[in-house]
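The values are calculated or read from the model by the stated rules, or taken from the named source; none is laboratory data. Predicted model, so just to flag it, every value in this text is computed and none were measured. Methodologically, a virtual Cβ is constructed for each residue, glycine included, from the backbone with ideal geometry; neighbour enumeration extends over all protein chains shown. The protein model used for the area step is the full one, side chains on, heavy atoms only, and it has no ligands, DNA or RNA in it. Shrake-Rupley method; radii C 1.70, N 1.55, O 1.52, S 1.80 Å.
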Amino acid sequence: GWSSVEEVRGQILDQLAVLDLPGMTIGQLCPGGPLADELASGGAAIAGLEAIKSAGLVQDYVMEVWPWTSETAIKIVKNAHATGLIKGLIFYLNPLQRFVSNELWDLIHEMQIPIVAMRTVSGGNVLHLRDGGRAPEYLQQRAEQVAPIFERSGVRSWTEFCVRFALGFELVQATVGSTSRHPNLQEFILASANPAALDPEIVSEIMAMQRQWSTDFDQFAAPWSM
């Protein structure tokens with residue numbers, strides 16, 4: 001929810017200091033308040049963020065999007081003032097979560113906007129989530145719907161299923177997962193070695209669910225409630 005160029009610059013400098021690096025390849029913008037308004041209207045913030053690039057602190061920006069910021073992202077994308085600045089969008093995209101509104105999802109494909117898909121495995125194995133694993137109620141309900149699809153797919157593991165789901169979208173440049181356990185890291189590496197797309201019928205079935213979830217639930221979510 002950064003609201004100014006100064007806050008963005010401060011975050012970049014703090015993170016580069018911790019990592020002892022002179023610059024970062026990708027900067028993840030989560031604009032709010034005046035910063036979001038200026039990105040949509042062509043204000044001074046665009047020149048300010050470009051100056052951060054010119055200083056070598058960041059090579060490119062992607063903009064983070066959530067269900068509750070999709071409307072703002074639509075304005076920024078449609079008004080096109082920041083087209084040369086923002087190289088893509090980054091948001092949760094996995095079989096259980098597609099954290100952009102239906103309107104923005106359609107606009108992304110219409111305008112061919114590159115995507116970085118976050119939260120690869122949606123918080124855990126779908127069977128564990130279905131069977132009562134620690135998860136928000138909405139996520140457990142979705143796991144109950146998607147688990148039968150995963151089970152009949154014949155895919156070796158949930159990690160492989162999720163990697164293949166995300167990377168099956170032409171606009172997805174990468175899927176970003178995380179884990180604190182070495183065996184899970186090995187699963188990510190194995191699943192990403194040669195990720196063929198899932199059966200198109202499976203993807204279509206999940207995408208239809210995601211469109212309905214967005215209509216019924218996601219669009220009404222309070223910030224940081226999901």
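Observations on the model:
- Taking 22 Å as the straight-line reach from the Cα of residue 53, the lysines in range (excluding those fewer than 8 positions away in the same chain) are 87.
- Where both bridge residues fall in the chain, DSSP classifies roughly 10% of the beta bridges as antiparallel.
- The C-alpha atoms of the chain define a longest principal axis, and helix 102-111 lies at about 70 degrees to it.
- Test item: Cα-centred dipole of the range 106-226, Lys/Arg +1 and Asp/Glu -1 on Cβ, debye: 440
- Taking every protein chain into account, the accessible area of the chain amounts to 50 square angstrom per residue (probe 1.4 Å).
- For 92, 61, the ranking by accessible surface with the largest value first comes to 92, 61, using a 1.4 Å probe.
- Cα-based reach from residue 75 at 13 Å (exclusive), listing aspartates and glutamates while leaving out same-chain residues under 8 positions away: 37, 38, 103
- The equivalent ellipsoid that matches the C-alpha gyration tensor of the range 120-226 spans semi-axes of 22, 17, 15 angstrom, in descending order.
- Heavy atoms of residue 24 accessible to a 1.4 Å probe, total area in Å² rounded to 10: 40
- Nearest-ten-degree value, helix 137-153 long axis tilted from longest Cα axis of the chain: 60
- Across the options 176, 26, 58, the greatest Cα extent toward the positive end of the charge dipole of the chain (unit charges at beta carbon of Lys, Arg, Asp, Glu) belongs to 176.
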